[in-house]
Each structure stands twice: as C-alpha cells, then as structure tokens.
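J.: Following this message is one structure expressed as structure tokens.
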Amino acid sequence: RTIDNYTNVLILGVPGSTFDGPDLTDTIIVLNYNFDKNRAVLFGIPRDIWSNTLKDKVNSAYIYGEAIKKGGGLTLAKAEIGSIIGMPIQYSIVVDFDDYIKIVNYLEGITVEVEQTFADNRYPIKGKEDNDCLGDEEFKCRYETVKFKKGLNKMDGELALKFIRSRNAIGSEGNDFARIKREQLVFNSIQSKAFDHIGFFNLNKMKDFYNITNSLLERDITNQQSASILKNIIFARNFKTLKKTTLAKFELVDA
C-alpha cells in the first residue's frame with residue numbers, strides 16, 4: 001500500500017524480558033520510502049514524547065495495545081507515531097534487542113562512523129539489575145563502562161547494542177537525541193552491510209538472511225509487500241537514505 005508513492009514502516013525496538021518494562025519501545029524509527037525517487041528517510045522519534053491520547057510517554061503505546069489484545073500493540077503504536085509525523089503508517093516491525101544482536105552477528109559485524117568520542121560509566125550489566133552489590137548504596141556492581149572513539153568502529157552485535165542503548169554519557173551524547181542519531185547510524189550500517197553481504201542477486205544468501213530475520217521479528221508487513229519495496233530498491237538503483245529527528249508539536253518529558 002502506498003499513499004502518493006510513499007510507504008511508511010514503523011520500526012520498534014524493545015529491550016527484552018530481562019529488563020524492566022520489556023515491552024516499552026526504547027527505539028522508535030519510521031522508515032519513509034519514496035518509490036519514485038528510490039529514497040528512504042529515517043525519522044527518529046524520541047521515546048519520551050508525551051502523548052495526550054495515552055496520558056503517558058509514546059513509548060508505552062505498544063504495551064498498552066498488547067494489553068488490549070494480541071497484535072494491538074502494532075496498531076496503537078502506528079496510530080500514535082503516525083500522528084507525530086503527520087503521515088499514516090502502513091506497516092510495522094518489532095525486534096527484541098537480544099535478537100538484534102543476532103542479526104548484526106549474522107552479518108559478521110558492522111562498521112559505524114562514530115561522530116564523537118564518549119564514555120558511559122553507568123551502562124547496565126544484563127543480569128545484574130537486582131544485585132544488591134553487597135550493600136553498596138550506589139549499586140556500582142550493576143554497571144560497566146563503555147567507551148567509543150570518534151571515527152570508524154568495527155562492532156559486533158553486543159557492542160552495537162551498547163552503542164545505541166547508552167544513555168548516561170557525560171555531555172551531549174547522554175541525551176535522547178544523540179541516542180536516536182546513533183540508532184540511525186547503526187541502522188544504516190546494517191542496511192549497507194546486508195547489501196554487501198548478500199549481494200543483489202545471490203538468492204541463497206537472500207534466503208538465509210530472510211530466514212534469520214523472519215524468525216526474530218514481529219511484523220504486519222507481508223512477504224509480498226516487503227518484496228515490492230526491495231525489488232524497487234534493487235532495480236531503480238541509486239538508492240539513498242536520509243536521516244531526520246522529529247519532535248513535531250509534541251512534548252518531551254523527563255525519562
């Protein structure tokens with residue numbers, strides 16, 4: 001389905017069952033694809049935008065919808081995010097961050113152009129969320145330090161996940177907008193590596209990549225609809241991706 005030759009796909013990332021709020025969508029990206037220009041624009045949506053409809057942050061739309069009925073999360077999230085960007089969203093995809101790691105590792109890692117050096121001394125260690133740290137009031141044992149240097153960085157799945165999930169860096173990299181930019185950098189790197197790894201006409205690798213990603217995603221876009229977009233990207237050539245962060249008229253609230 002297209003509207004004026006555009007198709008919008010909502011991409012949601014959830015932190016997984018080992019984290020608090022496992023169905024809250026920490027990553028919210030809209031892929032706006034223009035069939036005529038063979039161009040995709042990525043809209044990063046801050047997770048803490050306030051929704052007057054939900055009376056909560058917009059990253060709760062998926063979990064509220066799922067509470068109503070199975071599959072309702074995608075429907076409600078599309079409606080809420082569509083109102084933010086001012087365009088209807090036809091399709092949606094949800095990926096668990098743990099599964100995201102598997103996709104990057106399948107591609108044998110990605111190379112990301114880090115825009116500025118930063119360190120996060122309070123990156124949560126998976127599995128230690130409830131550790132009492134032997135009475136340490138600052139719970140330091142629950143965290144590790146992650147560092148990234150400006151320039152090209154080779155990342156496996158776990159490192160890429162830390163890069164996009166970091167939210168406690170000192171300075172400008174500690175805010176939500178910086179995290180959205182990092183998400184988009186990684187998304188573009190995955191896209192580029194996937195094309196390089198699979199090749200345009202390597203049917204066996206295409207099948208393998210489809211099988212691994214299909215088993216990891218919840219989606220309401222069919223194979224036929226996905227193939228239509230991919231076919232246009234391949235045969236129209238000169239594919240371009242642009243990045244944007246949007247706030248529209250909505251309000252950010254404290255995390």
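The values are calculated or read from the model by the stated rules, or taken from the named source; none is laboratory data. Keep in mind that this is a model prediction, so the values were computed, not measured. As a convention, Cβ positions derive from the backbone with ideal geometry for all residues, glycine included, and neighbour counts pool all protein chains shown. Areas reflect the complete protein model, heavy atoms only, side chains present, ligands, DNA and RNA absent. Shrake-Rupley method; radii C 1.70, N 1.55, O 1.52, S 1.80 Å.
J.: Checking the conditions here, which among GLY135, GLY127, GLY73, GLY109 is among the small types (Gly, Ala, Ser) and under 21 Å from ILE221 (Cα atoms)?
T.: Only one candidate qualifies: GLY73.
J.: Turning to a different aspect of this structure: I'd like to verify a number: residues in region 82-116 that are open to solvent by 50 Å² or more (accessible area, probe 1.4 Å) and closer than 19 Å to ILE180 by Cβ, how many?
T.: Qualifying residue count for the region: 6.
J.: When you scan region 19-26, do you find a residue that is open to solvent by less than 10 Å² (accessible area, probe 1.4 Å) and touching a Gly at 6+ places or on another chain (Cβ under 8 Å), even just one?
T.: Yes, region 19-26 contains at least one residue that is open to solvent by less than 10 Å² (accessible area, probe 1.4 Å) and touching a Gly at 6+ places or on another chain (Cβ under 8 Å).
J.: Evaluate the following for ILE49: is it β-branched (Val, Ile, Thr), open to solvent by less than 60 Å² (accessible area, probe 1.4 Å), touching a residue at least 24 places away in the same chain (Cβ under 8 Å) and closer than 28 Å to LEU230 by Cβ?
T.: Answer is no for this residue.
J.: Continuing with this model, one more query. Taking interchain pairs and intrachain pairs at least six residues apart, which have beta carbon atoms under 9 angstrom, with the first residue in region 135-154 and open to solvent by 80 Å² or more (accessible area, probe 1.4 Å) and the second of a type in the set (Lys, Arg) and part of a strand (DSSP E or B)?
T.: LYS140/ARG122
J.: So ILE190 passes all but one of these: (1) touching a strand residue (DSSP E or B) at 6+ places or on another chain (Cβ under 8 Å); (2) of a type in the set (Val, Ile, Thr); (3) more than 22 Å from MET87 (Cβ to Cβ); (4) modelled with pLDDT under 85. Which condition number does it fail?
T.: For ILE190, the exception is condition (4).
J.: Residues of region 14-43 being under 17 Å from ALA79 (Cα atoms) and at pLDDT 85 or above, which ones?
T.: Those that are under 17 Å from ALA79 (Cα atoms) and at pLDDT 85 or above: THR25, THR27, ILE28, ILE29, VAL30, LEU31, ASN32.
J.: Of all residues in region 27-46, which are closer than 15 Å to VAL94 by Cβ and either basic (Lys, Arg) or open to solvent by less than 10 Å² (accessible area, probe 1.4 Å) (or both)?
T.: ILE28, ILE29, VAL30, ILE45
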